[in-house]
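Novice: I am attaching a structure below and will ask some questions about it afterwards.
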Amino acid sequence: MISFDMSPALENIRGMVRMMAEGQMRPIARKHDSHEAGKPWDYINFMWETVKARAAESGRARKSGDGPREANLQMVLAIEALSWGDAGLYLCTPNAGLAGFAIEAVGTPEQKERFLKRFTEGAPKWGAMAITEAHAGSDTAAIQTTAVRDGDEWVLNGTKIFVTSGLMAAQDSPGIVVVWATVDRTAGRAGIKSFVVEAGTPGMKVLNVENKLGIRASDTATIVFEDCRIPLDNILGSAEVASKSGTAGFKGAMATFDASRPAVAASGVGVAQAALDGVKEILKQQGIEVRHDVPDQEMTAIERDVLDMEAQVQAARLLTYRAAWMMDQKRPNALEASMSKAKAGSVATKVTQKAVEILGPLGYSQKHLFEKWMRDAKITDIYEGTQQINLLIVARRLLDFSSNVLN
Ligand SMILES: Cc1cc2nc3c(=O)[nH]c(=O)nc-3n(C[C@H](O)[C@H](O)[C@H](O)COP(=O)(O)OP(=O)(O)OC[C@H]3O[C@@H](n4cnc5c(N)ncnc54)[C@H](O)[C@@H]3O)c2cc1C
């Protein structure tokens, strides 16, 4: 029989994170919408204790081969609740981040220990993932950053833009950055590999930090690599370019997205739920209770809008939970990960806009957080593959077309 019930452990996590989000994130959300407010150190230090303990638990589980069966579901529930609190602050949470997803997806046991142990001890640290370049975003095959082997080292050269937590990972903490670079420009996707660069490595420099529309508490950096030398065994996966037309190595790097796309989807669901809850709360204060038990023809326009918002958020949530659940079952989930990301990014964008529309000037003003949620939501429709790219992936997988045929 199909069951959509949460286990008591999952309910517990959801409840605890939600309480934290309400008590510790909401009160400082507006302040940290401005970069001038500085880093939210109280939040960071508080979260670091939990992150360290969870990372240590995952490390032990990895070694014993006996991890929690619901690790990915736990992750998306926590991200949803944190993003309900504040999506920008959630992105400030010190952890291995996207770098961790990459290392978990394709790293060797030795690499997992070497690069991820730092997230179990000491002061707060961050991980980041540097894929995007000025002329390579959706089209990752166009990556120009090079990795050239020189004896027992790789030498990286290139510029990466829009790196989430890049400042904290590369410069302001002893973190790590996973960098996508090509070992053979003539090989297209097959030549692209990922490399781990530790903070403080000579030749890696943060050039600037973006001033952006939303998720303003989170730093988004440009990182330059100039003759940046890293050990040979900092490559994730095989160094071999399988074949000029094949994409074996690239597929390894892409495996990162199986975990990161449901994570971004969960963040979108969290922001959308925040806007939905906020609208219902304000309507209630104005004496408008949304009825769920009247026939269509008797509903008010606002009731119809709110019901549609509820249905959309729930659909995005269920797709997200499914993608995470499949990972927990060790089942391939690339299709479901892209479905969840495409749906949740779109829902977050539309639901937060609708919230502002329903509330009018009240939604647009800074008295409440609706205008901020509208700005914060949009990024979930852009990074980790835009909505259009994820829909393209879904279409390719459903139709069994290669990227050469459908692009
Ligand atoms: C705040 C922020 C944080 C980010 N964090 C990171 C990070 O941590 N690491 C990282 O590497 N990158 C990061 N990015 C970059 C992000 O992943 C890219 O911006 C995104 O993948 C889009 O790539 P692009 O900017 O090159 O846009 P383009 O690829 O030029 O896309 C422009 C538009 O064209 C559409 N489009 C492109 N190709 C197709 C196609 N074949 N079919 C249909 N439509 C298409 C896109 O959907 C989009 O609407 C971040 C970006 C932002 C804004």
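Novice: When the residues of the stretch 121-138 are narrowed to those that are more than 9 Å from the ligand (Cβ to nearest atom) and surrounded by fewer than 18 Cβ atoms within 10 Å (Cβ to Cβ), which ends up nearest to ILE223 (Cα to Cα)? Steps first, answer last, please.
Specialist: Restricting attention to the stretch 121-138, the residues satisfying the condition of being more than 9 Å from the ligand (Cβ to nearest atom) are 121-127.
Filter once more, so that each one left must be surrounded by fewer than 18 Cβ atoms within 10 Å (Cβ to Cβ): 121-123.
Numbers: GLU121: 26, GLY122: 25, ALA123: 23 Å.
Checking each candidate, the answer is ALA123.
Novice: Let me ask something else. Report every pair of residues separated by at least 6 positions or lying on different chains whose Cβ atoms are under 8 Å apart, first residue within the stretch 135-151 and in contact (Cβ under 8 Å) with a residue 40 or more places away in the chain, second small (Gly, Ala, Ser) and surrounded by fewer than 17 Cβ atoms within 10 Å (Cβ to Cβ).
Specialist: ARG149/ALA239
Novice: Does SER83 satisfy the criteria of being among the hydroxyl-bearing types (Ser, Thr, Tyr) and over 16 Å from the mean Cα position of the chain (by Cα)?
Specialist: Working: among the hydroxyl-bearing types (Ser, Thr, Tyr): yes; over 16 Å from the mean Cα position of the chain (by Cα): no.
No, not satisfied.
Novice: Let me ask something else about it. Filter the stretch 181-203 for residues that are more than 15 Å from the ligand (Cβ to nearest atom) and under 23 Å from the mean Cα position of the chain (by Cα) and give the result.
Specialist: Within the stretch 181-203, GLU198, ALA199 meet the criteria.
Novice: Right, GLY237: touching a Lys or Arg at 6+ places or on another chain (Cβ under 7 Å), under 30 Å from ALA348 (Cα atoms) and crowded, with 20+ Cβ neighbours inside 10 Å or not? Steps first, answer last, please.
Specialist: Details: touching a Lys or Arg at 6+ places or on another chain (Cβ under 7 Å): yes; under 30 Å from ALA348 (Cα atoms): no; crowded, with 20+ Cβ neighbours inside 10 Å: yes.
No, not satisfied.
Every residue, every condition in (1) aromatic (Phe, Trp, Tyr); (2) modelled with pLDDT of 95 or more; (3) away from the ligand (no atom under 16 Å from the Cβ), yes or no:
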site: LEU207; (1), (2), (3): no, yes, no
site: GLY214; (1), (2), (3): no, yes, no
site: GLU226; (1), (2), (3): no, yes, yes
site: ARG229; (1), (2), (3): no, yes, yes
site: LEU232; (1), (2), (3): no, yes, yes
site: ILE235; (1), (2), (3): no, yes, yes
site: SER238; (1), (2), (3): no, no, yes
site: SER243; (1), (2), (3): no, no, yes
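Novice: Which members of the stretch 1-59 meet the condition of being of a type in the set (Ser, Thr, Tyr) and either out of contact with any Leu (no Cβ under 9 Å at 6 or more places or on another chain) or not in a helix (DSSP H, G or I) (or both)? Walk me through it before giving the result.
Specialist: Initial filter on the stretch 1-59 (of a type in the set (Ser, Thr, Tyr)): 3, 7, 34, 43, 50, 58.
Result: SER3, SER7, SER34, THR50.
Novice: Between a residue in the stretch 312-323 that is touching a residue at least 60 places away in the same chain (Cβ under 8 Å) and any residue that is crowded, with 23+ Cβ neighbours inside 10 Å and small (Gly, Ala, Ser), which pairs come within a Cβ distance under 6 Å, given they are 6 or more apart or on different chains?
Specialist: Short answer, once both residue conditions are applied: THR320/ALA265; THR320/ALA266; THR320/SER340; THR320/ALA344; ALA323/ALA337; ALA323/SER340.
Novice: Here are some conditions: (1) among the hydroxyl-bearing types (Ser, Thr, Tyr); (2) at negative phi; (3) within 13 Å of the ligand (Cβ to nearest atom). SER165 meets all but one. Which one does it not meet?
Specialist: Going through the list (1) among the hydroxyl-bearing types (Ser, Thr, Tyr); (2) at negative phi; (3) within 13 Å of the ligand (Cβ to nearest atom), SER165 breaks only (2).
Novice: Mind listing just one residue for me: the one in the stretch 373-407 that is within 11 Å of the ligand (Cβ to nearest atom) and hydrophobic (A, V, I, L, M, F, W, C) and, of those, surrounded by the most Cβ atoms within 10 Å (Cβ to Cβ)?
Specialist: Out of the qualifying residues, it is ILE379.
Novice: Can I ask one more? Residue under question is GLU371, and the condition is that it be part of a helix (DSSP H, G or I), modelled with pLDDT of 95 or more and more than 23 Å from ILE215 (Cβ to Cβ); does it hold?
Specialist: Numbers: part of a helix (DSSP H, G or I): yes; modelled with pLDDT of 95 or more: yes; more than 23 Å from ILE215 (Cβ to Cβ): no.
Taking the combined requirement at face value, the residue does not satisfy it.
Novice: Oh, and also: For the stretch 370-407, name all the residues that are touching a residue at least 12 places away in the same chain (Cβ under 8 Å) and at positive phi.
Specialist: Scanning the stretch 370-407 gives GLU384, GLY385.
Novice: Go through (1) within 16 Å of the ligand (Cβ to nearest atom); (2) out of contact with any strand residue (DSSP E or B) (no Cβ under 9 Å at 6 or more places or on another chain) and name the single condition LEU359 misses.
Specialist: Checking LEU359 against (1) within 16 Å of the ligand (Cβ to nearest atom); (2) out of contact with any strand residue (DSSP E or B) (no Cβ under 9 Å at 6 or more places or on another chain), the one that fails is (1).
Novice: All but one of (1) of a type outside the set (Phe, Trp, Tyr); (2) away from the ligand (no atom under 16 Å from the Cβ); (3) surrounded by fewer than 21 Cβ atoms within 10 Å (Cβ to Cβ) hold for VAL347; which doesn't?
Specialist: Among (1) of a type outside the set (Phe, Trp, Tyr); (2) away from the ligand (no atom under 16 Å from the Cβ); (3) surrounded by fewer than 21 Cβ atoms within 10 Å (Cβ to Cβ), VAL347 violates only (3).
Novice: Taking ILE215 as meeting all but one of (1) β-branched (Val, Ile, Thr); (2) crowded, with 18+ Cβ neighbours inside 10 Å; (3) assigned to a strand (DSSP E or B), write down the number of the exception.
Specialist: Failing condition for ILE215: (3).
Novice: Would you call VAL106 touching an Asp or Glu at 6+ places or on another chain (Cβ under 7 Å) and away from the ligand (no atom under 12 Å from the Cβ)? Can you show your working first?
Specialist: On the way: touching an Asp or Glu at 6+ places or on another chain (Cβ under 7 Å): no; away from the ligand (no atom under 12 Å from the Cβ): yes.
No, not satisfied.
Novice: Could you tell me which of the residues ALA272, ALA266, ALA253 is within 30 Å of GLY191 (Cα to Cα) and crowded, with 22+ Cβ neighbours inside 10 Å? Working first, answer last.
Specialist: Working: ALA272 fails: within 30 Å of GLY191 (Cα to Cα); ALA266 fails: within 30 Å of GLY191 (Cα to Cα).
The conditions single out ALA253.
So that you can scan it fast, the table gives a plain yes or no per residue for (1) in a helix (DSSP H, G or I); (2) of a type in the set (D, E, K, R):
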residue: LEU73; (1), (2): yes, no
residue: GLY85; (1), (2): yes, no
residue: LYS117; (1), (2): yes, yes
residue: GLY122; (1), (2): no, no
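Novice: Does the stretch 139-149 contain any residue that is within 18 Å of the chain's Cα centre (by Cα) and surrounded by fewer than 24 Cβ atoms within 10 Å (Cβ to Cβ)? Spell out how you get there, then give the answer.
Specialist: Quick first cut of the stretch 139-149, residues within 18 Å of the chain's Cα centre (by Cα) only: 140.
Now drop any that are not surrounded by fewer than 24 Cβ atoms within 10 Å (Cβ to Cβ), which leaves 140.
So far as the stretch 139-149 goes, yes, one or more of its residues are within 18 Å of the chain's Cα centre (by Cα) and surrounded by fewer than 24 Cβ atoms within 10 Å (Cβ to Cβ).
The values are calculated or read from the model by the stated rules, or taken from the named source; none is laboratory data. This structure is a prediction, so every number in the text was calculated from the model and none was measured. Neighbour counts run over all protein chains shown; Cβ positions are idealised from the backbone, glycine included.
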